[in-house]
Amino acid sequence: MSMAIYWDLQNQKLVPSLNSEAAITRYDFVLRDTLPVVLRVVNWQAVNNVPYVVTAIDAGKSIKFGAKASASYATDTEFLFSQATWTAAGSGTTTTYSANIPLNTAALIAKMGTATSLDCKAEFTILNATNGNELSTQVTFRIIRDVISGDEGVPSSEYDVIAQYIDDSGVASVRLVNSDGVAVGLFKNGAPYVFILSTGLWYPLTGTIQDGIPVPAFGAGEAI
């Protein structure tokens, strides 16, 4: 599901829908999310029940979005997160512009630090290849610290220390798991596997016979 954004270019504001002229001044989002957005550019019209109608931006122009920390945007030279590639679909009053806004950038995560939230000044603009930005609209993106950051430890009671499973090739396997749910040992097809950090893969330790002497050998690496 995508988030719907309605952009009133004439009045340089974002609105909740085609039926509302109320300006949106802030959105709250969660750190490390990827935000799918469907943007509609709208024109104001003097109709009480439906004050807006969807339109397309002029040919030769494009949409650009970027955000910096509200407290330092005047001096920051890099975006914390941005998006300059918007995919157009439809035409006329059915025109939409779709994109993913990444809230998982290294710059944003570093800027958040240990804070519980971070206010960012975000700006949508129409990019004119001849004259640069035009009809820019600003809004606050408040980024909330995430609960699931991807590196949490989980109580060891949630993991079986020795886990039997069937791999993607249908081979019965056994792995040893530590208290963080991370595999620390792997056995299958009668062979122990060795993890190599530089590749992130597990390699079976097997053997061959050369000149009548057993010689250890590694097989192809596998992900688990």
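The values are calculated or read from the model by the stated rules, or taken from the named source; none is laboratory data. Please read all numbers here as calculations on a predicted model, not as lab measurements. Methodologically, a virtual Cβ is constructed for each residue, glycine included, from the backbone with ideal geometry; neighbour enumeration extends over all protein chains shown.
Some values worked out for this structure:
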{"item": "Residues located in region 40-73, provided they are closer than 22 Å to ASP28 by Cα and exposed (fewer than 14 other Cβ atoms within 10 Å of the Cβ)", "result": "ALA71, SER72"}
{"item": "Unmet requirement for TYR203, which otherwise passes all of (1) in the same structural domain as ALA74 (by TED's automatic domain parsing); (2) assigned to a strand (DSSP E or B); (3) of a type outside the set (Lys, Arg)", "result": "(1)"}
{"item": "Matching residues in region 206-222 - criterion: being more than 15 Å from ASP167 (Cα to Cα), assigned to a strand (DSSP E or B) and touching a strand residue (DSSP E or B) at 6+ places or on another chain (Cβ under 9 Å)", "result": "THR206, GLY207, THR208, ILE209, PRO214, VAL215, PRO216, ALA217, PHE218"}
{"item": "Qualifying residue in region 81-89 (condition: out of contact with any Phe, Trp or Tyr (no Cβ under 7 Å at 6 or more places or on another chain), at pLDDT 95 or above and either among the aromatic types (Phe, Trp, Tyr) or crowded, with 18+ Cβ neighbours inside 10 Å (or both))", "result": "yes"}
{"item": "Test set (1) modelled with pLDDT under 90; (2) surrounded by 10 or more Cβ atoms within 10 Å (Cβ to Cβ) - PRO204 fails condition number", "result": "(1)"}
{"item": "Conditions (1) in a loop (DSSP other than H, G, I, E, B); (2) at pLDDT 95 or above; number of the one not met by VAL50", "result": "(2)"}
